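S.K.: Structure incoming, see below.
The values are calculated or read from the model by the stated rules, or taken from the named source; none is laboratory data. Since we're looking at a predicted model, the values are computed, not measured. So basically every Cβ, Gly included, is an ideal-geometry build from the backbone, and we count neighbours across all protein chains shown.
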Ligand SMILES: C[S@@+](CC[C@H](N)C(=O)[O-])C[C@H]1O[C@@H](n2cnc3c(N)ncnc32)[C@H](O)[C@@H]1O
């Protein structure tokens, strides 16, 4: 681990330029997660909200999939916002996309001074919300539900907590195997990680089981809850309001 560089939870790697390759080596089926989220968003959507854009890999997929859509994305990391902004401009999507540097926990807690509209067709997130406490996940899901149009949907791709300690080793082995299959040693990828300090509403990984997520989504007012994809300790889940 790179001890020199302190990073925000969710930035993952000390050097931001490593993110796009190294996340694919570290997270099994990363591209599939983004693909599943984007195909769950209706192609004809007009207005999308993304939480935690990172380097913009899901942002770009959504803009490509939904040709009419305007997209608002929140991420609290200046360097992630800058990277996504650059990619969006290079690909000519700047008219349809607004990246806001903000903490989505603050938004959920009603403390964000920027006004976020409340007529989104869909809200999406990948590999970001698991940094919130369960109490804040509950607030966030409620806030998302309030900002969706009737019939709108929310999809989140995130690591989930194993239901039994027996699964810990199984999930670990699967991740080690995945990294090896990418032709790199897991320690080599891990050496690129930054030293995370809690920042804003986010901390180290605070995983919840799928069952906990279901209950939080239900309490937030989601009428239909679904898991379109799951692979060991990773899942894409959400539903419709
Ligand atoms: C691991 S990255 C994932 C990025 C992207 N969604 C992807 O799948 O490649 C997580 C992102 O969430 C952001 N993030 C984490 N907690 C946040 C918070 N409370 N508010 C805003 N952004 C947050 C981080 O800055 C980071 O860019």
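S.K.: Output the number of residues of the range 165-185 satisfying the condition of being touching a residue at least 24 places away in the same chain (Cβ under 8 Å) and touching a helix residue (DSSP H, G or I) at 6+ places or on another chain (Cβ under 7 Å).
M.R.: 3
S.K.: Among what's in the range 113-138 and is more than 12 Å from the ligand (Cβ to nearest atom) and assigned to a strand (DSSP E or B), pick the residue that is surrounded by the most Cβ atoms within 10 Å (Cβ to Cβ).
M.R.: It comes out as 122.
S.K.: Across the range 191-204, what is the total count of residues that are in contact with a helix residue (DSSP H, G or I) (Cβ under 8 Å, 6 or more places away or on another chain) and either modelled with pLDDT of 95 or more or crowded, with 17+ Cβ neighbours inside 10 Å (or both)?
M.R.: We begin by selecting, within the range 191-204, every residue in contact with a helix residue (DSSP H, G or I) (Cβ under 8 Å, 6 or more places away or on another chain); these are 192, 200-204.
With the extra rule that they be either modelled with pLDDT of 95 or more or crowded, with 17+ Cβ neighbours inside 10 Å (or both), the set shrinks to 192, 200-203.
Selection size over the range 191-204: 5.
S.K.: Taking residue 158 as the residue in question, decide whether it is touching a strand residue (DSSP E or B) at 6+ places or on another chain (Cβ under 9 Å), surrounded by fewer than 20 Cβ atoms within 10 Å (Cβ to Cβ) and within 20 Å of residue 22 (Cα to Cα).
M.R.: Spelling it out, it is not the case that residue 158 is touching a strand residue (DSSP E or B) at 6+ places or on another chain (Cβ under 9 Å), surrounded by fewer than 20 Cβ atoms within 10 Å (Cβ to Cβ) and within 20 Å of residue 22 (Cα to Cα).
S.K.: Being assigned to a strand (DSSP E or B), touching a helix residue (DSSP H, G or I) at 6+ places or on another chain (Cβ under 6 Å) and over 26 Å from residue 194 (Cβ atoms) is the filter here, so list the residues in the range 72-97 that pass it.
M.R.: Within the range 72-97, just 97 meets the criteria.
S.K.: Would you check which residues across the range 198-224 are assigned to a strand (DSSP E or B) and under 18 Å from residue 139 (Cβ atoms) and list them? Can you show your working first?
M.R.: Step one: list which residues in the range 198-224 are assigned to a strand (DSSP E or B), which gives 199, 202, 224.
Within the range 198-224, 199, 202 meet the criteria.
S.K.: I need every pair where a residue in the range 92-107 that is at pLDDT 95 or above has its Cβ under 6 Å from the Cβ of a residue that is part of a strand (DSSP E or B) and within 14 Å of the ligand (Cβ to nearest atom), sequence separation at least 6 or different chains.
M.R.: What qualifies is 97/71; 98/72; 99/73; 100/74; 102/74; 104/51; 104/74.
S.K.: What number of residues within the range 78-98 are surrounded by 15 or more Cβ atoms within 10 Å (Cβ to Cβ) and within 23 Å of residue 39 (Cβ to Cβ)?
M.R.: Looking only at that region, the number is 6.
S.K.: Can I ask one more? Answer yes or no: is there a residue in the range 55-67 that is crowded, with 21+ Cβ neighbours inside 10 Å and farther than 22 Å from residue 153 by Cβ.
M.R.: yes
S.K.: Could you check, for the range 225-238, whether at least one of its residues is modelled with pLDDT of 95 or more, assigned to a loop (DSSP other than H, G, I, E, B), within 14 Å of the ligand (Cβ to nearest atom) and surrounded by 15 or more Cβ atoms within 10 Å (Cβ to Cβ)?
M.R.: no
S.K.: Does residue 162 qualify as being in a loop (DSSP other than H, G, I, E, B), at pLDDT below 95 and within 25 Å of residue 25 (Cα to Cα)?
M.R.: Judged against the criteria, residue 162 is not a match.
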